[in-house]
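Right, one structure below, let's go through it.
The values are calculated or read from the model by the stated rules, or taken from the named source; none is laboratory data. Because the structure is a prediction, the values reported are computed rather than measured. Glycine gets a Cβ as well: all are built from the backbone with ideal geometry, and neighbour counts include every protein chain shown. For the accessible areas, the whole protein counts, side chains as well, though only heavy atoms, and no ligand, DNA or RNA atoms are used. Shrake-Rupley method; radii C 1.70, N 1.55, O 1.52, S 1.80 Å.
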Amino acid sequence: MITGYYLKVERTRNSKTETCDSFVLDSAPSELLSAYESYFMNDSAVYSNTPDGKSVINIPLWNEDEATKQIIFSSSSEKPITLRILNEPPINYGAVSCFSPVSILGTSKPLSVSDLSQIYTITEADNGKVFTYTITTRFTLALDSVKYPSSKTICVPEIIFGAIAGTGSYEIYKTGKCQLQNGDFQVTIIGVPLP
């Protein structure tokens, strides 16, 4: 988890300047700060510092719902927020403007049991919804097999669950966030650590 506030920052890569969604860190795990410093210390398109020495990192908002964005946008140095994040390895980041190796898993409060999804069979009526499951949780995708053939089901940007052979069920096997898609059907699946 990181605590801080939203800030738009102009960053330049390959002579191109863009305005990036960024987050000023009031507090963060020392491992995260060490990773940023070792990977990005000389890359001002990803990592920088405020005049008073606070770390500023890019955050990815392209995949967040409007409610989450509004919580983040309304934060300030006087009203900091806490983000639950997943830090991922910075693979091939050099070509991407406003790159961020973190995924946002949630805002403002530690995860509690009430934040977890209680629906374990996902149907067409759930289109557009978000499901948060702990690692090892199993769920079933019950869609019309003609309209939504299972061979067309994908999860982007990464797969965080696996099929359980012969059951029609899936099990979350790692933390992360993906968009489960099949034709015009899409749900967000978030995998979180066990509390």
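Some notes on this structure:
- Any hit, segment 50-62, residues being at pLDDT below 85 and in a loop (DSSP other than H, G, I, E, B): yes
- Cβ pairs under 6 Å, 6+ apart, first in segment 118-133 and basic (K, R), second not in a helix (DSSP H, G or I): K129/V187
- Looking only at segment 163-184, and only at residues there that are open to solvent by 70 Å² or more (accessible area, probe 1.4 Å) and in contact with a Gly (Cβ under 7 Å, 6 or more places away or on another chain), the one that is farthest from R138 (Cα to Cα): K174
- Considered as a group, the residues in segment 112-162 that are open to solvent by 40 Å² or more (accessible area, probe 1.4 Å), of a type in the set (A, V, I, L, M) and not in a loop (DSSP other than H, G, I, E, B) include one that is nearest to T188 (Cα to Cα), and that residue is V130.
- A single entry from S15, S27, S44 fulfils the requirement of being free of Cβ contacts under 8 Å to residues at least 60 places away in the same chain and out of contact with any strand residue (DSSP E or B) (no Cβ under 9 Å at 6 or more places or on another chain): S15.
- Boolean, L83 is touching a helix residue (DSSP H, G or I) at 6+ places or on another chain (Cβ under 9 Å), in a loop (DSSP other than H, G, I, E, B) and of a type outside the set (V, I, T): no
- Index of the failed condition, G4 passing every other in (1) outside any helix (DSSP H, G or I); (2) modelled with pLDDT under 85; (3) open to solvent by less than 60 Å² (accessible area, probe 1.4 Å); (4) more than 21 Å from I189 (Cβ to Cβ): (2)
- The listed residue being farther than 17 Å from E88 by Cα and out of contact with any strand residue (DSSP E or B) (no Cβ under 8 Å at 6 or more places or on another chain), out of D126, D184: D184
- Against the conditions (1) open to solvent by 40 Å² or more (accessible area, probe 1.4 Å); (2) out of contact with any Asp or Glu (no Cβ under 6 Å at 6 or more places or on another chain); (3) more than 27 Å from C178 (Cβ to Cβ); (4) not aromatic (F, W, Y), T50 satisfies every one except (1).
- Residue check, K109 exposed (fewer than 14 other Cβ atoms within 10 Å of the Cβ), modelled with pLDDT under 80 and not polar (S, T, N, Q): yes
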